[in-house]
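J.: Please find one structure pasted underneath; my questions will follow.
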């Protein structure tokens, strides 16, 4: 495995872990003038580009992709889109941890699928097995499973002080 591709695939997970465990530090770093959810989203999008570039660097593309690619990728991205649609940026990017009041959502896929955003991402990654070596997909999946476990324990005592919405 290419070491740089592995580092790129894993790059977001230390960031997410740090923010989940230390939300007040992030809020303080962002200051009063910057929305910590927005800044997290921007950093996360950059890290997602690093991940994708890492996968592209080890991929072997052929066209057309297998039929399973489209069905898995569309389902996975639908789940991601739906989560973002329902939660918005603040709900998706740790708003509760940063002191925001985020309404509880029960619409599909919530209440039907545990961790629907991560499940959507995992399904999309499995679709990419058409082009990307298994070891890199597995590494990314391990990162997501790690974050599912980390985020399954939400200690209200470690939340940041409430901020204005």
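The values are calculated or read from the model by the stated rules, or taken from the named source; none is laboratory data. Please read these numbers as outputs of a predicted model, since none were measured by experiment. Backbone-built Cβ (ideal geometry, glycine too); neighbour counts: all protein chains shown.
Let's see how each residue does on (1) in a loop (DSSP other than H, G, I, E, B); (2) modelled with pLDDT of 95 or more; (3) farther than 30 Å from residue 32 by Cβ:
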{"residue": "52", "(1), (2), (3)": "no, no, yes"}
{"residue": "72", "(1), (2), (3)": "no, yes, yes"}
{"residue": "106", "(1), (2), (3)": "yes, no, yes"}
{"residue": "112", "(1), (2), (3)": "yes, no, yes"}
{"residue": "146", "(1), (2), (3)": "no, yes, yes"}
{"residue": "163", "(1), (2), (3)": "yes, no, no"}
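J.: Something else now. How many residues are under 16 Å from residue 92 (Cα atoms) and assigned to a loop (DSSP other than H, G, I, E, B) when one looks only at segment 1-49?
T.: 1
J.: Within the bounds of segment 56-69, is there any residue that is part of a helix (DSSP H, G or I), surrounded by 16 or more Cβ atoms within 10 Å (Cβ to Cβ) and either at negative phi or within 13 Å of the chain's Cα centre (by Cα) (or both)? Explain how you work it out, then say what you get.
T.: So in segment 56-69, the residues part of a helix (DSSP H, G or I) come out as 56-58, 67-69.
Next, from what is left, pick out any that are surrounded by 16 or more Cβ atoms within 10 Å (Cβ to Cβ): 58, 69.
Among the residues that remain, those that are also either at negative phi or within 13 Å of the chain's Cα centre (by Cα) (or both) are: 58, 69.
Within segment 56-69 (the criterion being part of a helix (DSSP H, G or I), surrounded by 16 or more Cβ atoms within 10 Å (Cβ to Cβ) and either at negative phi or within 13 Å of the chain's Cα centre (by Cα) (or both)), the answer is yes, since at least one residue qualifies.
J.: Sticking with this one: Find the residue count for segment 122-138, including only residues that are closer than 24 Å to residue 18 by Cβ and surrounded by fewer than 19 Cβ atoms within 10 Å (Cβ to Cβ).
T.: Here the count works out to 1.
J.: For segment 4-45, how many residues are more than 22 Å from residue 100 (Cα to Cα), without any contact (Cβ under 8 Å) to a residue 40 or more places away in the chain and surrounded by 13 or more Cβ atoms within 10 Å (Cβ to Cβ)?
T.: Of the residues in that region, 0 qualify.
J.: Is there any pair with a first residue in segment 117-139 that is without any contact (Cβ under 8 Å) to a residue 12 or more places away in the chain and a second that is part of a helix (DSSP H, G or I) whose Cβ atoms are under 6 Å apart and which are 6 or more apart or on different chains, and what are they?
T.: Short answer, once both residue conditions are applied: 129/137.
J.: Among the residues that make up segment 83-91, is at least one of them surrounded by 13 or more Cβ atoms within 10 Å (Cβ to Cβ) and in a loop (DSSP other than H, G, I, E, B)?
T.: For segment 83-91, residues surrounded by 13 or more Cβ atoms within 10 Å (Cβ to Cβ) and in a loop (DSSP other than H, G, I, E, B): absent.
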